[in-house]
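Input: a single structure, listed below in structure tokens.
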Amino acid sequence: MKKRIPSFWAGVLTAVLVLTMTTTALAASGQVSFNFANIALNGEAKITAGSTITAANGQQVPGSILYTDAAGGKTNYLPIRAVSDLLGVEIGYDSATKTVYLGQQPTAQTAQGSRWQREVEGRKVMYYCGEEGHSYDAPPSWRPGMLPEGWSLAQIRHDTRNDTARWDYEGPEGKISFNCAYPSTAGLARQMNSEDAVKNCQKLTVQGYGADYYQDGEQSLLVWEDSDGVLFFMRGTDVSRELLTEMAEGMKLCTADVDDYTMGWLPKGYTRLDHYSIADTGYETWLKDGAGMTWLYSASPVAVPDGTPEAVTVGGTKAQFWAASEPYEDEGAMTVNGKPVEGHSASAGGASVISGTVPGVHSKDVNTLVWTENGVNFRLQSVLDQATMIQIAENIE
């Protein structure tokens, strides 16, 4: 049943839709006041003067805006989501056309025969495919075609079946973790902080495909599927919806490639835990006595620690070195049943289990060495001293 919009509210709605100027622009010819008016619908108070309202992303925004023009005329404006809530009409946004839809929503273009299903369990939202029998030679290598200024790659991951891949990026505005999955038995899920974050799923359009967008406080999630059944699952932290959708619109298949580099020399005792290689990027983690070491190489810019680095050289190439702000302290050998275990490995159910801490980009107890060679960016992080790390770097083959 369609709801009739009273003439007064239709006028307010029109005013909100045509308001595209910023507060600064409005103030140039008049005065702007926030939270000035009480708002009532059919005689029932809905918004109280002096109060703010909570936006979908958890931020507090003005409940009303009063604009007084140079001649003294007054016009009240409301946030468009507040209008939709008051009138009980659905609201949507198309990032491709930058269009806000109130009431009837356009039919989003979706992949023919959608292969991924959405399932909700309270605060948890999951996307799963359930297709068996697939075998992939390499992990999916879609990623943002162009990174915004100041953004860089922190790390990558992929599963052993090559069904899914993950790229982690950092920027001045926050972080983005991007998962990509081929049709398979894989499932990608996110636990929200509230059920409302799941219920308030917004329908957007990304690259012409229907997409689900969730805002959960400072966390956001954007999910869509292309015509080949590839699922894209982007999580943002402290990232605006505009930036997230901008990076999503630029998503493309990476066809570049670089050599698969290896460590030509390492101090004794190191055990390799993981090795990931996707298109033009490689990432490895190593462990010795519970202390982790990582190295990343990529044609993309790589994320670096905060602070000012020291200028050094690696085989005659200019490099940068960040010293640990809180140097690592060896807490002693790991023990199992009271006995020391060399290399911090233990047997569990007949399998060798190695424990330790793998450092992140901003780990305070590791040193970081970064350099560029032949268009490839390298980043090495460990508790080893500067001279040893440079020696390792100079022996990468």
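The figures follow:
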{"item": "Fully extended contour minus Cα-Cα distance, from HIS275 to ALA45, at 0.36 nm per residue", "result": "76.8 nm"}
{"item": "Whether segment 229-306 is rounded, prolate or oblate, judged on the alpha carbon gyration tensor where a/c under 1.5 counts as rounded", "result": "prolate"}
{"item": "Restraint check, LYS74/LYS175; LYS124/LYS288; LYS74/LYS199; LYS124/LYS252; LYS175/LYS199; LYS74/LYS203, Cα-Cα greater than 32 Å", "result": "LYS74/LYS175; LYS124/LYS288; LYS74/LYS199; LYS74/LYS203"}
{"item": "Volume of the Cα convex hull of segment 157-282, divided per residue and given in Å³", "result": "157 Å³"}
{"item": "Shape category assigned to segment 112-189 from the gyration tensor of Cα positions, a/c cut at 1.5", "result": "oblate"}
{"item": "Overall form of segment 193-257 per C-alpha gyration tensor (a/c, 1.5; a/b vs b/c)", "result": "prolate"}
{"item": "Whichever aspartates and glutamates have a C-alpha closer than 13 Å to that of LYS46, once near sequence neighbours (fewer than 8 apart) are set aside", "result": "ASP85"}
{"item": "Relative contact order for segment 174-327, counting Cα pairs under 8 Å that sit 6 or more residues apart, in percent", "result": "14 percent"}
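Computed from the coordinates by the stated procedures, all read-outs in this text should not be read as laboratory data. Keep in mind it's a predicted model, so treat the numbers as computed, not measured.
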